[in-house]
1. Order of A:Ile85, A:Ile832 from fewest to most other C-beta atoms within 10 Å?
2. If neighbour count is taken as other Cβ atoms inside 10 Å, put B:Ser208, A:Ser589 in order from fewest to most.
3. Under the classification rounded if a/c is under 1.5, otherwise prolate if a/b is larger than b/c and oblate if not, where does segment A:682-820 fall, given a ≥ b ≥ c as square roots of the Cα gyration tensor eigenvalues?
4. Please list, or write none, the aspartates and glutamates whose alpha carbon is within less than 18 Å of the alpha carbon of A:Lys455, excluding same-chain residues fewer than 8 places away.
5. In this model, which of A:Lys251/B:Lys394; A:Lys251/A:Lys526; A:Lys251/A:Lys336; A:Lys251/A:Lys444 are farther than 23 Å apart at the alpha-carbon?
6. How about segment A:607-699: which chymotrypsin sites (Phe, Trp or Tyr not before Pro) there are in a DSSP loop, with at most 10 other Cβ atoms within 10 Å of their Cβ?
7. Considering only the other residues whose Cβ falls under 14 Å of the Cβ of B:Gly54, what net charge follows from Lys and Arg at +1 and Asp and Glu at -1?
8. At 0.36 nm per residue, and after removing the present C-alpha to C-alpha distance, how many nm does the segment from A:Leu576 to A:His293 gain when stretched out fully?
Amino acid sequence: MNLLLIILLPLLGALLPPLAIRYGRSASAWTAAAITLAALLFALGPLVAVFGGAPQEVHWTWLPQAGLDIHLRLDGLAALFVLLILGIGLLVILYARYYLAERDPMGRFYGLLLLFMGAMLGVALSNHLLQLLVFWELTSLSSFLLISYWHHRSDARRGARMALAITGAGGLAMLAGFMLLGHIVGSYQISVILNAGDLIRAHPLYAPMLLLVLLGAFTKSAQFPFHFWLPHAMAAPTPVSAYLHSATMVKAGVFLLARLYPALSGTELWFFLVGGVGLATLLFAAYNALFQHDLKGLLAYSTISHLGLITLLFGIGTPLAAVAGVFHIINHATFKASLFMAAGIIDHETGTRDMRLINGMWKYMPHTATLAMVAAAAMAGVPLLNGFLSKEMFFAETLHLSALGAFSWVLPAAATLAGIFAVAYSARFIHDVFFNGEPIDLPKFPPHEPPRHMKVPVEILVALCLLVGILPAITVAPLLAVAAGAVLNGPLPDYSLAIWHGFNTPFIMSLVALAGGIALYTQRHKLFALHDRVFPGVDARALFWEFITWLMDTAHAMTRALENGSLQRYAALLLLTAVAAIAWPFLNSTAPIAGPVPAAPIDALTLLGALVMMAAAVVTTVWQRQRLTAVIALSVVGLVVSLTFVRWSAPDLALTQLSVEVVTIVLLLLALYFLPQRATVDSSNLRRGQDLLLATGVGGGVGLITWAMLTRPYTTIANYFVENSLPGGGGANVVNVILVDFRGFDTLGEITVLAIAAIGIFALLDNLRLEMPATDDGGRPWSSERYPLVLSQLTRFLLPLALLVSVYLFLRGHNAPGGGFIAGLVTAVALILQYMASGIDWTQQRWRLQYHPIIAAGVLIAAATGAGSWLYDRPFLTSAFGHFHLPLAGEFELATAMLFDLGVYLTVVGVVMLILANLGKLTQRSAGEGGT
Amino acid sequence: MNHWLIAPLVLPLVAAMLILLLVGRRGVQRAVSIGATAGLLPIAILLMCFAGDGEFGVYRLGNWPAPFGIVLVLDRLTALMLLLTAVLALLVVLHAVNGDDRRGRDFHVLFQLQLLGINGAFLTGDLFNLFVFFEILLIASYGLALHGAGAERTRAGLHYVVLNLIGSSLFLIGVGILYAVTGTLNMADLAVKVAAAPPESAALLRASALLLLAVFGLKAALLPLHLWLPALYGHATAPVAALFAIMTKVGVYAILRTYTLIFPADGAAPDVGHWLLPLALLTLAVGAVGVLGSQRLRVLIAYLVVVSVGTLLAGIGLFNTGGISAALYYLPHTTLVSAGLFLLADLIARQRGIHGDNFVLGPPLAQPTRLGVLFFLGAVAAAGLPPLSGFIGKLLLLQAVTPAQAAWLWTIVLTGSLASLIALSRAGSRIFWKTEGDRAVAGQAPLPLFAPAALLLAMSVVMTLFAAPVTRYTEATAAQLLAPQHYIAAVLGVHP
């Protein structure tokens, strides 16, 4: 439980400092420190147990489906990192209290820092790969927010985005690697994986898995060639650089190498990949560190170089090298964190980090200078300091390597070379900053010592460097032993932490490095000139941003090329898909398209109808630019369809089709009024050819399918409807009973569709102002007689007759052709005719109905009819009917379905009137504005 | 008989018509709309409790026996979709009543009818009735897409309308073929008849299956039928765009239902089983490219929707329990998060004045911290980074593949995440950090406007915390879908 609390305290505690800031900056800092201390306190018990040789473990199941459980384990390696994270974290919190300026939002800083701390503790304590990854990505995210802390600065924003992109990409690769690893072992639990090394190394997926996992580790630990994000992460406030980008987060990569060392190491691939990348990073970054003029830039490259060294040590793969790697993790964290803090102090006091300007600081801040010089000496590997010890071990390890055969001299030589550069850049850090004449044009002058408490963290760290360097056996030995023991997952090799091993080869290498480094530094001016000449402006950052810009631009261009805003293209794609969908099965099938049923003989009348319809369709298409002609031809198609229904004994359908046809044509004519009478030719011939092909494909495909369907035997459930229509639904007209009863729910849906269409169109037309043409295309003015007398008189006679017909159609609907839908259309057509013949004003004076409520009432009546069956505990829309006898009228039938049909009727009337009357009104409104 | 089954349909229908009757009384209209939408939530929870046991609820409309009458069928999948719709709709309507609903006529009528269509599509067990509900939800969405007018919106809306009219015709043709071969429309009965169809009908059935895939793919925005989406979602009014987050999922639902029940991958029409996964991965890739190339926040979110459709259909395209379960976990996550991001983008755009949601140098926001925290949450969830629900969904998906599929699926899904990460970090940096001037140009968003977006995004946290029970449910759902014989037995009333 304590283990979980160690992580949860900073994670949840991250919310507190931003709240505490209203009680002052110190309150915020104290809150953060208290939370860290509390976490440290909770860690004490388990830590003691670990040092006693008993790793602590807890686990809870959380999401077994994803293999995501909470497994925490505190062993030696985790203990080392917990101490580093919490210990240095505490010092950084103290330091930042004085580092941050008044205007910097301190609450946010500490909140994010604690968030990061919790995530990093999570990485250290995870005993589960996926859980480790979760925390791993959390460190990337919190690092992103910390680097961009001063987000008004462009370098901070860009540095943060770059760090996130690189480490985020690595994290995703690592996720894939972890899942492969989990697949190989059959468990994500790290303690299980560590004992399955042989299985893993022998598995065919070992190589891709290792590559993916290493991608994660290398990006995080800024290994070449992914190193370039780290120097730009230095745009972060210096406490962040000290904490995340030297002591802890960048160590996550090497932590992972150490964590999985027993499972993954021991192969040639591991040796060459990890060792090779480590070596390249070590040399490349050590060389580059010397040429940085930015104080933090030098430290950043030096960090990269040291991370390379640790990577190389794990890559070498001998137990002693692993011990040296762990040791160097400890040493690097202490001296580098203190160096960053010292650099921050200098930056804070002088206002710049340019080493060409900052000189002679010894005079102004001797105390800080002393501390920084000791730490820098540790970085250089000077005896009696901790850096010397682990570097000696490293040198020794490079000598005992047989894997390279005849080239085994390469590694010691390279190590010495890197040592030379390390000494040189450390010398530069000391000499350039603290001596080398007088400062030049400092933004703040004169600099002086920082506040007392700002130096305390540096003092503690430097003291540690000395203590470990002079008395390793009684200071660091137990920690190193448990940590290295955990890394090796087995017995520790013999090693000695003495500061003097005799006058041996490693010591000579150290001496060469020291002497060579100092010599190199004295020749620095020539070197700088040479460097500028040989590597002028090779800038990974510029390349990265060029790539990102290229990526975004290309993505934009690709998207625009595909999604070009052309409806024609989108529609063509949809139709092509449909053609493919139809063609594919037939092309991939041996069965013939036509089925066994023979075609019925063709009679002359049917043939004639078909020919007329086809001709009309062709006319519509060919003359589509002469819009009136096209509409008339289209209506011919519709009429022939109606006749077809008549021919095949479907009077209901014919009636419906006929009235729909009338309403549609009226609608089209009203819309045409606003369009030019002729359309121009916009498409090229090629384009029209393509469209013709496509149209032929779709038409042919659908024709083909129809042919295939109609020539196959056909069995259906429709007989049920015929048999049950009268006894079950109380109606002799099967079509109507299907509409209002068997599938009344569909009808309810369809009238709802009509209602929505009307409401939608009304909403669209609302406040619409359209240009009204005063003349036709030929320049002729519209007829001045808007409402022809003959038409208006005739329609007034027609109205009651038409209404009577619609009532008749409605009432007989259940048993004979008719029904609410047709009746509604007939009523609507009769009413529309009044509008057309006599004008809207005239009609509305006599007919003051709002159509919205009619629609609502219609749908509600239909729905209420359906809901009525609930009263009898029957499902929605269960119908009931009965036969009644009235004197004079005789026997008649009443059915709930008729009530439903009434709803349909009202909705249809309301919908048609709402749409057409408003379209008509539009013409009138425009006409009124046109001044006629 | 459990009448609650039809409540998710009757409630919005009646509410819509009441609102229509209450013309001119806008306050009451809003109250009815909120009340009806809020009412959907307890109903959905009730139905989920019922379906959670693995029971099927079958509601025979008109008391006609299946397959002759229309049936509504409630199973785990339907209950999940109904609950998701209810949660989303409530938060969206709460956002809309802050003023967006008055930027055009009859918003609430269309909104309720849209809900009717969506709920109906989830509930129906009849293929033609599915067509009817598709029509309802589409035609309501036409109105909603054009809500608020404007040239760009109208253009995008017109494209959407025309394409979907073609889509509806194809739907009818597809259903027509099925009816010609099997003579039935009830989905359970179709499943039986399709399985028993003679081999000479196989080509027709396959054509029908593929045509329906085109129709549902158009709704879901499956490549190459996704092109209408970015412009439409990128220009719609904020609550409309947020509500439309569920619209693509209706297409996804229809695909999931149709190709597990009527055309199972091992049945007579196996093509979809082969085609869905590659198409989904291509959709994901093209969506990721769109995300990278976006120059406006809302368009970026629209492309994130395309990416999520690719992710969902990739899971479904695996046609195994793990894949479908992963997709069903991812589905509510991505719906709620995309909707939250659309609402958030609207809040951001309002505070940036004329710069709107374009990635250009603009003034600082009035509420940078609040909006920034929300954006960060939403971005982490949408990109699929730990620890939020997007990561869990993707993790479940990545684990559901066979080793042979892993190379492609992992690469594309993870690269898609990386592209989203890069694009979102750029977007956030441009909008929140790279600002000009010292003072905000707009006032702060009041809490009622702010809360719906915050709650939608907070759902990602909730889904993370309750990942285990949610996943248990989705696994049971996937198992139920992959054993359609129980569905068939429940609907047709016979036991296999």
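1. Neighbour counts put them in this order, fewest first: A:Ile832, A:Ile85.
2. The fewest-first ordering by Cβ neighbours comes to A:Ser589, B:Ser208.
3. Since a/c reaches 1.5 but b/c is at least a/b, the shape of segment A:682-820 is classed as oblate.
4. Within reach: A:Asp347, A:Glu349.
5. On the way: A:Lys251/B:Lys394 27 Å; A:Lys251/A:Lys526 35 Å; A:Lys251/A:Lys336 12 Å; A:Lys251/A:Lys444 34 Å.
In this structure, A:Lys251/B:Lys394; A:Lys251/A:Lys526; A:Lys251/A:Lys444 exceed 23 Å between Cα atoms.
6. Passing sites in segment A:607-699 are A:Trp648.
7. Net of charged neighbours comes to -2.
8. Contour length minus Cα-Cα distance gives 95.7 nm.
Taken together, the values in this text are just the output of simple stated rules run on the coordinates, not laboratory data. This is a predicted model, so every value here is computed, not measured. Note that each Cβ is placed from the backbone with ideal geometry, even for glycine, and that neighbours are counted across all protein chains shown.
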